[in-house]
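Take a look at the structure below.
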Amino acid sequence: MFDTLILILDSTVRLATPLLLAALAGLYSERSGVFDIGLEGKMLGAAFAAGAAAAVTGSAWAGLAAGILVAIALALVHGFACITHRGNQIVSGVAINFLAIGLTALLGQDWFRQGGRTPPLSGDGRFTNIQLPFAEALRDVPVIGGLYSELLSGHNLLVYVAFLAVPVTWWVLFRTRFGLRLRAVGENPAAVDTAGISVTWLRYRAVICTGILCGVAGTYLSVAQSAGFIKDMTAGKGFIALAALIFAKWKPVPVMFACLLFGFLDAAAIRLQGQEIPGIGEVPVQAIQALPYILTVVLLAGFIGRAVPPKAGGVAYVKERT
Amino acid sequence: MTAPLAIELVGIDKRFGSVRANKDIDLKVAKGSIHGIVGENGAGKSTLMSILYGFYHADAGEIRVDGRPVTIADSQAAIALGIGMVHQHFMLVENFTVLENVILGAEGGPLLAGGVARARATLKRLAEDYDLKVDPDAVIEDLPVGLQQRVEILKALFRGADILILDEPTGVLTPAEADHLFRILKVLRDEGKTVLLITHKLREIMAITDEVSVMRRGEMVATRQTAKTSMGELAELMVGRRVLLEVEKQPASPGRPVLQVENLTARDGRGVDVVRDVSFEVRAGEIVGIAGVSGNGQSELLEAIAGIRPVRSGAVTIDGTRLDLARNPVDAAAMRRHGLAHVPEDRHRMGLVTSFSEYENAILGYHRDPAYGRGPMLDIGAIREAARAEIEKYDIRPPDCLLRTAGFSGGNQQKIVLAREIERDPVILLVGQPTRGVDIGAIEFIHKRLVALRDAGKGVLLVSVELDEIRALADRVLVMFDGRVVGERAPETDESELGLLMAGAAQEAAE
Ligand SMILES: Nc1ncnc2c1ncn2[C@@H]1O[C@H](COP(=O)(O)OP(=O)(O)OP(=O)(O)O)[C@@H](O)[C@H]1O
Ligand SMILES: [Mg+2]
């Protein structure tokens, strides 16, 4: 029983990682007042770029760099449309999602001719699992062995990066000048402007942070979790991350718990697939997979506290109406 | 005049699209003085000051600070030149603490820790020096507006402002708070700082400024030494015609009761009773004023009677029809059918949809009136016709019923709401803060309209935090404190006696 639990938790961590990276990515942008439903597209674009670069160079690190660059580029497109040209943030986000789906499929087929996949990665082309010190030695110690050697040890680098990004984001947001300004510009950009700070530049920097983390999230999918890019491999993770962000009321630490919860539901769904539960019968997997969305809707309807988004979110900052 | 100039503006010009908000403006402000700026709504006062603060860029013209020509590219540049501004609409981040708001943009380093500690010390010193006490860890949205304004002033002083611009600072303040503010401004002036004060209240100009400049329709029409001018002259310069500063009215002749309120109790959003067991009546042909410091339940009382706020207990009778609001809640539309009209306090939040055209707002809440359409269809022609008639009758400017309501100045927006409610010929009109942020020309007009409504045999319930306004308009004055009506007085009652009642003195004496 304990071992099963550890196994489920272990896959929870793996499944929560891309959600966590994407949700934290969204947090930077949305806290600055730029809503971003294009997390999915940026992740997909990054996953493809990372998979392609890693396949060509044979280096996971080159993949990571390519993934981050592509995600930043897509983030800047979003920024250019919404910050500079005051376009509609939802429309721009949707456009980026479509762009990413189309381009990754098209370029993938054109470059590699493997039905939209990138060539399989191996060796240095992937981020492989890291064994923490003493993991082997402690493996057989009861409880601690399971927790430490199975659950904490043996993940790839990007998993640790994702969970480390939580305290880092918290620290940036609440302990640095950039974080203070970022939170302020999402609530009242005019206050930031009259304090002599450029609203545009600040929001661009936020959007770039979003790009970086989306890049890591996409890279995780194609270069760490799997061995190569597969068409549409994000499969709605960007939207679940968005749901987690809302569920966590745009706060870093709750974002982590929300992602773990959603990751756990996913892990449980996989585990329960085709299994009979005594008294209930076979649980439809779809029901569990829908839970993150249902929970978010319940939250938005106001049953579990209230999710108040950044006040200036979704609207471009317009100083002079002409 | 020999005093050195703190600020000199030469030929400032500014357009917003087709609107020329500032036309070739010259202004000289002496160092160490308090300089007032007055003008009607939309005259361009805020625009001019925002240009000086680097928030907008002038299309043409020159700015000199302390005699040197400067270019103010953004607010950071203005702050560096020692200019600070308290905006008409506060520039605060509502869910931040006081301290966070104060240091925003002046954090003193990439990490907050050191700057915060230093700011806390500076804030403490400023609070003591200028009697500007605010809890640095309080969250802005929990503070009353008077304290929020202190935060704005602290923000400017924290950045070392030598020239302080205040844009309509007293619009939201109680008389006592305004007095306090003026004492601070005088201290600042005596220290050699320069203050630019925009206000609609000529009494304040006369009381505190050294010089005053008048703007009209984007132009600077005159600058006077305060000692050598009068309220009458300033009013005339502002509006371009003679203005009555006093309300002319005959004694009331009250008739049957049109609004009776019995033991009304209502709660605010947090579930606290803010209207407690209030009873009174308003008769036909009289104006009953409710005085009180803002936040003592007057707003909620109006909303409860208007059917917007749920009532916990009590009843309301309109023109003989008794409505037990606690047991059978009645919505705002039904209240209107009973003959009640309501000019809400906050015209932006509750009175208008500012992205709608004027004519659409002119029938808001009355759109089911058969005069405006059949069944689900609206008769746009008839609606515009009616809107144009109201525009003419109420002198709403610009006279264009197709214009988006956001494009009208505050005073004209207020007239749109008043026209809509008064022209429906109600038996009882509820009005909250009818002249907040409105210029004297429009105030004169609005006051005349309310008195005319009274003389036509209607009842008016007026809530205002402007004691002057209550005393000028009302036939009877009720004072509210802490959710209760603590006394009724004649409008002629001594201002200080009313002030004491408003401050809850009667309450304390009784306890
Ligand atoms: N950001 C803006 N974009 C477009 N037009 C504007 C803007 N700000 C002001 N205006 C227009 O410029 C004119 C001057 O406005 P301004 O706010 O300076 O007037 P004001 O004298 O401060 O009036 P009030 O007493 O109502 O505050 C008005 O016609 C207004 O509609
Ligand atoms: Mg103004």
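The values are calculated or read from the model by the stated rules, or taken from the named source; none is laboratory data. This structure is a prediction, so every number in the text was calculated from the model and none was measured. Quick reminder, even Gly has a Cβ in these numbers, built from the backbone with ideal geometry, and neighbours come from all protein chains shown.
A few points about this structure:
Okay, residues lined up against (1) buried (at least 21 other Cβ atoms within 10 Å of the Cβ); (2) free of Cβ contacts under 8 Å to residues at least 60 places away in the same chain; (3) away from ligand 2 (no atom under 16 Å from the Cβ); (4) within 14 Å of chain A (Cβ to nearest Cβ):
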| site | (1), (2), (3), (4) |
| --- | --- |
| B:Leu378 | no, yes, yes, no |
| B:Glu385 | no, yes, yes, no |
| B:Ala389 | no, yes, yes, no |
| B:Asp395 | no, yes, yes, no |
| B:Pro399 | no, yes, yes, no |
| B:Arg404 | no, yes, yes, yes |
| B:Ser409 | no, no, no, yes |
| B:Val417 | yes, no, yes, no |
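- Count of the stretch B:141-168 residues which are in contact with a Leu (Cβ under 6 Å, 6 or more places away or on another chain) and within 16 Å of ligand 2 (Cβ to nearest atom): 2
- Count of residues meeting criterion [within 16 Å of ligand 1 (Cβ to nearest atom), of a type in the set (Asp, Glu) and farther than 22 Å from B:Gly39 by Cα] in the stretch B:399-443: 1
- Every pair of residues 6+ apart whose Cβ atoms lie under 6 Å, when the first sits in the stretch B:44-57 and is within 10 Å of chain A (Cβ to nearest Cβ) and farther than 16 Å from B:Gly82 by Cβ while the second is assigned to a helix (DSSP H, G or I) and within 13 Å of ligand 2 (Cβ to nearest atom): B:Tyr56/B:Ser50
- From A:Gly116, A:Gly108, residue being buried (at least 16 other Cβ atoms within 10 Å of the Cβ), out of contact with any strand residue (DSSP E or B) (no Cβ under 8 Å at 6 or more places or on another chain), at positive phi and in contact (Cβ under 8 Å) with a residue 24 or more places away in the chain: A:Gly116
- Helices (runs of 4 or more DSSP H) within the stretch A:125-218 that include 2 or more residues away from chain B (no Cβ under 14 Å) and surrounded by fewer than 22 Cβ atoms within 10 Å (Cβ to Cβ): A:135-138, A:157-175
Quick grid of which residues meet (1) under 30 Å from B:Asp319 (Cβ atoms); (2) in contact with a Gly (Cβ under 7 Å, 6 or more places away or on another chain):
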site	(1), (2)
B:Gly218	no, yes
B:Thr223	no, no
B:Lys228	no, no
B:Gly232	no, no
B:Ala235	no, no
B:Arg242	no, no
B:Val247	yes, no
B:Ala252	yes, yes
B:Pro257	yes, no
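- Segments classed as strands (runs of 3 or more DSSP E), wholly inside the stretch B:118-236, with at least 1 members that are in contact with an Asp or Glu (Cβ under 7 Å, 6 or more places away or on another chain) and loosely packed, with under 15 Cβ neighbours inside 10 Å: B:219-225
- Any hit, the stretch B:378-386, residues being assigned to a helix (DSSP H, G or I), in contact with a Lys or Arg (Cβ under 7 Å, 6 or more places away or on another chain) and under 21 Å from B:Ile446 (Cα atoms): no
- Looking only at the stretch B:40-67, and only at residues there that are more than 26 Å from the chain's Cα centre (by Cα) and of a type in the set (Val, Ile, Thr), the one that is farthest from ligand 1 (Cβ to nearest atom): B:Val65
- If the condition is being more than 12 Å from B:Val212 (Cβ to Cβ) and near ligand 1 (Cβ under 7 Å from one of its atoms), then the stretch B:18-39 contributes B:Val19, B:Ala21.
Every residue, every condition in (1) hydrophobic (A, V, I, L, M, F, W, C); (2) away from ligand 2 (no atom under 16 Å from the Cβ); (3) within 14 Å of chain A (Cβ to nearest Cβ), yes or no:
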| position | (1), (2), (3) |
| --- | --- |
| B:Arg183 | no, yes, no |
| B:Thr194 | no, yes, no |
| B:Ile198 | yes, no, no |
| B:Lys201 | no, no, no |
| B:Ala207 | yes, yes, no |
| B:Glu211 | no, yes, no |
| B:Arg217 | no, no, no |
| B:Ala222 | yes, yes, no |
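- Matching strands (runs of 3 or more DSSP E) fully within the stretch B:268-325 where at least 1 residues are surrounded by fewer than 20 Cβ atoms within 10 Å (Cβ to Cβ): B:273-283, B:311-318, B:321-323
- Count - residues of the stretch B:68-96 that are within 25 Å of the chain's Cα centre (by Cα) and more than 11 Å from chain A (Cβ to nearest Cβ): 1
- Unique residue being out of contact with any Leu (no Cβ under 6 Å at 6 or more places or on another chain), more than 10 Å from every other protein chain (Cβ to nearest Cβ) and more than 16 Å from ligand 2 (Cβ to nearest atom) when the list is B:Glu62, B:Glu40: B:Glu62
- Just so you know, in the stretch B:157-198 the residues that are under 17 Å from B:Asp129 (Cβ atoms) and under 22 Å from the mean Cα position of the chain (by Cα) include one that is farthest from ligand 1 (Cβ to nearest atom), and it is B:Arg183.
Matching residues to (1) over 25 Å from the mean Cα position of the chain (by Cα); (2) at pLDDT 90 or above; (3) within 25 Å of B:Lys448 (Cα to Cα); (4) not in a helix (DSSP H, G or I):
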site	(1), (2), (3), (4)
B:Met350	no, no, yes, no
B:Thr354	no, no, no, yes
B:Tyr359	no, yes, yes, no
B:Gly365	no, no, yes, yes
B:Arg368	yes, no, no, yes
B:Arg388	yes, yes, yes, no
B:Asp395	no, no, yes, yes
B:Pro398	no, no, yes, yes
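- No other residue among B:Ala106, B:Ala78 is surrounded by fewer than 22 Cβ atoms within 10 Å (Cβ to Cβ) and either away from ligand 1 (no atom under 16 Å from the Cβ) or basic (Lys, Arg) (or both) apart from B:Ala106.
- Selected residue (criterion: farthest from the other protein chains (Cβ to nearest Cβ)) from residues of the stretch B:3-19 that are surrounded by fewer than 17 Cβ atoms within 10 Å (Cβ to Cβ) and within 16 Å of ligand 2 (Cβ to nearest atom): B:Val19
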